[in-house]
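Notes for the one structure printed next.
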Amino acid sequence: MTNFRTIPQIIEPQYVIEGAGVLLRRSIAPHKSNLFDPFLLFDHFAFNDPVEGPIRGFPMHPHRGIETVTYMLEGSTAHRDSLGNSGVIGPGDAQWMTSGRGILHEEMPRRGPSGNIYGFQLWVNLPARLKMTEPRYQEVNAAAIPIYEKDGIKIRVVAGRAGNVIGPVTEIAASPLYLDVELAPDQEWTQPVELGHTAIAYVFEGEAVFADQTVEAVRMVKFDDGDSLRVKTENSSVRFMLVAGAPFKEPIAPYGPFVMNTTEEIQQTLMELRNGTFIK
Ligand code: MN
């Protein structure tokens, strides 16, 4: 029998300033309570004001112990790192970056022809056994992200599976589902999600009924446990990111751009940064 998930929590994203003065909408942030395990942070870049001035971005900063997932819809993000990797994440592209034991990188959002920047960054935890793994990138161009399409349902599948469509990002410890879902008015969509996995949806356009609650953009919903979830549209269309993954159920010690398991590991990280041994 299908056990549909309910939604115990609706989160209103808060405006915060990050990097060198970038205004963004943050729904969740790393905290030792780890309520969204394995997810640590969800930021929404939405710079749509033409008088906002130059966008300063996120100059060189380190990461250890996590994965950062960047997905752009408009504009782009130029990035380069201490290991010699660089590139541009363009509209519709996704980058799944596993920091593992450490990288130093910069991320610089740029306006698209429309003058807008629109995208998301999710942080996914790594389990203790992988926190010090080799850094790794999975970069997927828009054209390489397969689409599940049926009637008024259109889903870009970055990771995991929707119907018979499987996303290109693989071998991630949290076995994630990462979907960009668009539903036309008067649609009903159901999606299997592993029992016990954490599931969140970030509604950024329109509105829909999630479980039995109407949710309007811009909100994050956190689903309760179950093996399936259901979203229905009425008069409006909706577009949202659906993210799910296996919790690691380990203690976490978050500190800025690092998330380790213990305070000692954070102190070790800070010491390596000071003495120049952070990048091996
Ligand atoms: Mn970063």
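The values are calculated or read from the model by the stated rules, or taken from the named source; none is laboratory data. For clarity, every value in this text was computed on a predicted model and none was experimentally measured. With ideal geometry, Cβ positions are generated from the backbone for all residues, glycine too; neighbour counts draw on all protein chains shown.
Which one is nearest to Arg80 (Cα to Cα), of the residues in the stretch 116-158 that are exposed (fewer than 15 other Cβ atoms within 10 Å of the Cβ) and of a type in the set (Asp, Glu)? Result: Glu134.
Which residues, taken from the stretch 224-235, are part of a loop (DSSP other than H, G, I, E, B) and farther than 27 Å from Tyr118 by Cα?
At the first step, the residues of the stretch 224-235 found to be part of a loop (DSSP other than H, G, I, E, B) are 224-227, 233-235.
Selection gives Asp224, Asp225, Gly226, Asp227.
One residue is enough: does the stretch 48-64 have a residue meeting the conditions at pLDDT 90 or above, buried (at least 19 other Cβ atoms within 10 Å of the Cβ), near the ligand (Cβ under 10 Å from one of its atoms) and of a type outside the set (Phe, Trp, Tyr)? Checked the stretch 48-64: at least one residue is at pLDDT 90 or above, buried (at least 19 other Cβ atoms within 10 Å of the Cβ), near the ligand (Cβ under 10 Å from one of its atoms) and of a type outside the set (Phe, Trp, Tyr).
Quick check on the stretch 174-185. Is at least one of its residues assigned to a loop (DSSP other than H, G, I, E, B), touching a residue at least 40 places away in the same chain (Cβ under 8 Å) and farther than 30 Å from Gly100 by Cα? Break it down stepwise before answering.
Of all residues in the stretch 174-185, those assigned to a loop (DSSP other than H, G, I, E, B) come to 174-176, 184-185.
Next, only the ones that are touching a residue at least 40 places away in the same chain (Cβ under 8 Å) stay: 174-176, 184-185.
Pick out the ones that are also farther than 30 Å from Gly100 by Cα and you get 184-185.
For the stretch 174-185, residues assigned to a loop (DSSP other than H, G, I, E, B), touching a residue at least 40 places away in the same chain (Cβ under 8 Å) and farther than 30 Å from Gly100 by Cα: present.
Residues of the stretch 196-210 that are among the hydrophobic types (A, V, I, L, M, F, W, C) and more than 16 Å from Ala244 (Cα to Cα): Phe204, Ala208, Val209. Restricting attention to the stretch 1-34, the residues being in contact (Cβ under 8 Å) with a residue 24 or more places away in the chain and in a loop (DSSP other than H, G, I, E, B) number 15. Determine whether the stretch 204-217 contains at least one residue that is buried (at least 16 other Cβ atoms within 10 Å of the Cβ), out of contact with any His (no Cβ under 7 Å at 6 or more places or on another chain) and hydroxyl-bearing (Ser, Thr, Tyr). Scanning the stretch 204-217 turns up no residue that is buried (at least 16 other Cβ atoms within 10 Å of the Cβ), out of contact with any His (no Cβ under 7 Å at 6 or more places or on another chain) and hydroxyl-bearing (Ser, Thr, Tyr). Of all residues in the stretch 80-107, those being of a type outside the set (Lys, Arg), assigned to a strand (DSSP E or B) and either more than 17 Å from the chain's Cα centre (by Cα) or more than 19 Å from Leu24 (Cβ to Cβ) (or both) number 10.
Of everything in the stretch 73-96, what is within 14 Å of the ligand (Cβ to nearest atom) and not small (Gly, Ala, Ser)? Give them in sequence order. Thr77, His79, Arg80, Asp81, Leu83, Asn85, Ile89, Gln95, Trp96, listed by residue number. Among the residues of the stretch 81-107, those that are surrounded by fewer than 16 Cβ atoms within 10 Å (Cβ to Cβ) and without any contact (Cβ under 8 Å) to a residue 40 or more places away in the chain comprise Gly84, Ser86, Val88.
Look at Thr70 and say whether it is within 16 Å of Arg136 (Cβ to Cβ), part of a strand (DSSP E or B) and of a type in the set (Ser, Thr, Tyr). Answer is yes for this residue.
Can you work out which of the residues in the stretch 232-280 that are of a type in the set (Asp, Glu) and surrounded by 12 or more Cβ atoms within 10 Å (Cβ to Cβ) is farthest from Tyr178 (Cα to Cα)?
Our first condition is that a residue be of a type in the set (Asp, Glu); within the stretch 232-280, this holds for 234, 250, 264-265, 272.
The next check asks that each one be surrounded by 12 or more Cβ atoms within 10 Å (Cβ to Cβ); those that pass are 234, 250, 265, 272.
On the way: Glu234: 24, Glu250: 22, Glu265: 29, Glu272: 33 Å.
Once the filter is applied, the top-ranked residue is Glu272.
Hey, could you check the stretch 236-280 for residues that are aliphatic (A, V, I, L, M) and assigned to a loop (DSSP other than H, G, I, E, B) and say which is farthest from the chain's Cα centre (by Cα)? Spell out how you get there, then give the answer.
To start, the set of residues in the stretch 236-280 that are aliphatic (A, V, I, L, M) comprises 238, 241-244, 246, 252-253, 259-260, 266, 270-271, 273, 279.
Retained after the next criterion (residues that are assigned to a loop (DSSP other than H, G, I, E, B)): 246, 252, 279.
Details: Ala246: 14, Ile252: 19, Ile279: 25 Å.
Across the stretch 236-280, the extreme among qualifying residues is Ile279.
Got at least one residue in the stretch 147-155 being in contact (Cβ under 8 Å) with a residue 24 or more places away in the chain, of a type in the set (Lys, Arg) and more than 15 Å from the ligand (Cβ to nearest atom)? Yes, the stretch 147-155 has at least one match. Out of all the residues in the stretch 26-41, is one or more over 16 Å from the mean Cα position of the chain (by Cα), surrounded by fewer than 18 Cβ atoms within 10 Å (Cβ to Cβ), within 22 Å of Ala253 (Cβ to Cβ) and within 15 Å of the ligand (Cβ to nearest atom)? So far as the stretch 26-41 goes, no, none of its residues is over 16 Å from the mean Cα position of the chain (by Cα), surrounded by fewer than 18 Cβ atoms within 10 Å (Cβ to Cβ), within 22 Å of Ala253 (Cβ to Cβ) and within 15 Å of the ligand (Cβ to nearest atom).
I'd like the residue in the stretch 108-122 that is under 22 Å from Ser27 (Cβ atoms) and assigned to a strand (DSSP E or B) and, out of all such residues, is farthest from the ligand (Cβ to nearest atom). Checking each candidate, the answer is Tyr118.
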